[in-house]
Amino acid sequence: MSVTTLSAPIQPPELSPGRRMLILGTCCLSLFIVGIDVAAVNVALPSISHDLHASPTQLQWVVDAYTLVLASLLMLGGSQGDRFGRKRVFQIGLTLFAVGSLACSLAPTAGILIAARMLQAIGGSMMNPVAMSIITNTFIEPRERARAIGVWGGAVGLSLALGPVVGGALVTAVDWRAIFWINVPVAILAIALTGLFVPSSKAARPRRFDPLGQILVMTFLASLTYAIIEGDQLGWTSPTPTTCFAVAATSLALLIIVESRQAEPLIDPRLFRSLPFSGAVSTAILGFASMGGFLFLNTLYLQQVRGFSPLGAGLMTLPMAAATAVVSPISGRIVGSVGPRPPLLASAAFIGLSALMLTRLSDTTSFIYLGAAYLAFGIGFGLMNAPITNAAVAGMPRAQAGVAAAIASTSRQIGATLGVAILPAVVFGQIHGSVGEGLAIASRPAWWLMAAAAVLLFAIALGSTRRTLVP
């Protein structure tokens with residue numbers, strides 16, 4: 001059965017404007033702590049390396065273990081919310097995220113920390129798409145929904161931008177483990193608010209579970225990420241990376257074949273016939289790859305090369321955080337009024353400007369110059385979130401809002417995973433010795449890659465978006 005022929009969702013009575021805003025606030029709070037956590041981990045990497053004796057590749061896995069599991073399970077999480085009830089699945093996700101955070105804070109080794117991050121991600125996979133599904137089913141009028149999505153996108157973007165500042169303050173004042181402690185009380189508060197204000201809802205005819213598609217998605221992402229991260233250390237032509245690349249290519253091909261023959265696939269290949277939808281997915285992958293690599297490399301540069309404390313490194317990213325905070329809600333309003341094209345074009349331009357500025361990075365780059373580069377990136381990233389989400393869910397049936405939101409969220413996490421895998425791999429392959437030795441010069445090819453991604457983003461925005469929003 002096609003997703004477009006499913007019967008109407010089971011919905012609560014119409015909610016008052018105040019109740020709708022409380023629901024939006026609860027969803028934003030829940031996703032805010034996830035974004036803070038993801039970004040704060042980056043600024044804690046040097047401290048984690050020192051405390052747990054983690055290698056550079058283990059540091060990549062501390063970040064990518066989370067995003068990899070999240071990307072693999074987001075679509076399942078969204079569909080389970082449609083099946084078992086969005087409120088219930090959302091609360092389960094919050095609980096698992098809190099338990100995983102507590103386990104991270106107690107981890108005695110890098111390996112256990114990586115495993116605990118994976119548990120966090122299982123919870124996160126139930127939170128992100130289900131939160132968007134709740135918002136989409138709460139705000140029914142198209143323009144009101146577009147603005148609500150803009151607020152949500154702004155909260156996610158702001159949390160990612162503020163993460164280094166919050167994380168730096170916690171690491172400097174307490175310990176790197178504090179970035180995980182703080183998640184627990186906030187998650188408990190969000191669980192309580194969800195119980196009080198979020199009504200129960202689910203799809204009347206949820207899609208069937210697709211185990212083969214789920215396995216193929218996980219196999220593709222895991223094998224590709226492992227090959228990229230471990231390839232430099234093991235040798236790109238050694239059996240393990242080449243086998244992993246072959247497995248990734250095979251599983252992707254099988255995924256396309258299998259899903260095209262499923263009545264209710266995990267990922268419906270027919271959705272990608274829509275140019276706006278394909279453009280949104282491609283934009284999310286490229287944009288969040290840039291964000292993942294940007295945070296990872298700049299955190300190491302500021303602390304390992306320039307000698308900043310974790311708090312100092314976080315404060316250096318304040319221009320990015322401030323720009324994202326200001327621009328994200330503006331982007332949502334622009335999307336609601338004139339469509340996604342203007343903010344996406346401007347986003348690509350500012351990300352490209354930041355990348356070009358960073359290609360001149362050295363051990364003595366002016367802090368004013370760095371701040372300007374970070375400001376440009378923050379503007380570009382802040383402009384991106386709302387149009388991605390709006391384009392991905394536009395025209396999708398509300399009964400399957402969880403799945404639609406999961407596809408958009410999955411593309412973001414795939415991008416972040418690949419960014420942390422690819423850009424640092426390019427840099428680490430040119431460094432012999434400690435990470436701080438030659439990092440600035442070695443990072444220049446990575447920034448050129450980010451500039452190329454910005455050019456692609458600009459081209460995709462021109463080719464896949466319309467000038468005006470079609471409700």
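Taking all protein chains together and a 1.4 Å probe, the residues Tyr226, Tyr374 rank Tyr226, Tyr374 from largest to smallest accessible area.
Accessible surface of Trp176, taken over heavy atoms with a 1.4 Å probe and every protein chain present, rounds to 0 Å². Expressed in nm to one decimal, what extension gain is obtained for the pair Ala372 and Ile330 from 0.36 nm per residue of sequence separation less their Cα-Cα distance? Gain on stretching Ala372 to Ile330: 13.1 nm. How would the range 229-282 be classified by its alpha-carbon gyration tensor: rounded, prolate or oblate, with rounded meaning a/c under 1.5 and the a/b versus b/c comparison settling the rest? Verdict is oblate for the range 229-282. Can you tell me the 0 to 90 degree angle between the C-alpha axis of helix 86-106 and the longest principal axis of the chain, rounded to 10? Tilt of helix 86-106: around 20 degrees. Relative to the longest principal axis of the Cα atoms of the chain, helix 444-464 runs at roughly 20 degrees. I'd like the carbon and sulfur percentage of the solvent accessible area for the chain, probe radius 1.4 Å, heavy atoms only, ligands and nucleic acids excluded. Of all accessible area on the chain, carbon and sulfur atoms account for 70 percent.
The modelled label-to-label distance for the pair Thr237/Arg261, using points 7 Å beyond Cα in the direction of Cβ, is 3.8 nm. Relative to the longest principal axis of the Cα atoms of the chain, helix 211-234 runs at roughly 10 degrees.
Placing +1 on the Cβ of every Lys and Arg and -1 on the Cβ of every Asp and Glu, with no other charges, gives the chain a dipole of roughly 1440 debye about its Cα centre. Under the rule a/c < 1.5 gives rounded, and otherwise a/b versus b/c splits prolate from oblate, where does the range 148-298 land using the Cα gyration tensor? Because a/c hits 1.5 or more and a/b fails to exceed b/c, the range 148-298 counts as oblate.
Sorted from longest to shortest, the spans of the Cα atoms of the range 46-170 along the three principal axes equal 52, 31, 21 Å.
Comparing Leu113, Phe288, Gly150 along the charge dipole axis of the chain, the residue lying farthest to the positive side is Gly150, per the Cβ-charge model. Simple rule: put +1 on each Lys or Arg Cβ and -1 on each Asp or Glu Cβ in the chain, find the dipole, and look at Ala169, Ser260, Ser30; the Cα lying farthest toward the positive end is Ser260. In the full protein context, the chain carries 36 Å² of accessible surface per residue, based on a 1.4 Å probe and ignoring ligands, DNA and RNA. Taking a ≥ b ≥ c as the square roots of the eigenvalues of the Cα gyration tensor of the range 280-348, is the shape rounded (a/c under 1.5), prolate (a/b larger than b/c) or oblate? Oblate shape, in that a/c is at least 1.5 and b/c is the bigger or equal ratio. The structure-derived value of mean projected area of the Cα convex hull in nm² appears in the list (i) 19.5; (ii) 20.9; (iii) 33.7 under the label (i).
Given the DSSP H assignment, sum -39500 (n - 2.57) over each helix run of at least 4 residues in the chain and divide by its residue total; what's the result at 222 nm in deg cm²/dmol, nearest 500?
Computed mean residue ellipticity for the chain: -27000 deg cm²/dmol.
Note down the relative contact order for the chain as a percent, whole number, built from C-alpha pairs under 8 angstrom at least six residues apart.
So the answer I get is 25 percent.
The values are calculated or read from the model by the stated rules, or taken from the named source; none is laboratory data. Given the structure is predicted, the values throughout are model-derived calculations rather than measurements. Glycine also receives a Cβ, built like all others from the backbone with ideal geometry; neighbour counts cover every protein chain displayed. Please note that ligands, DNA and RNA were not included when accessible areas were found on the heavy atoms of the full protein model with its side chains. Shrake-Rupley method; radii C 1.70, N 1.55, O 1.52, S 1.80 Å.
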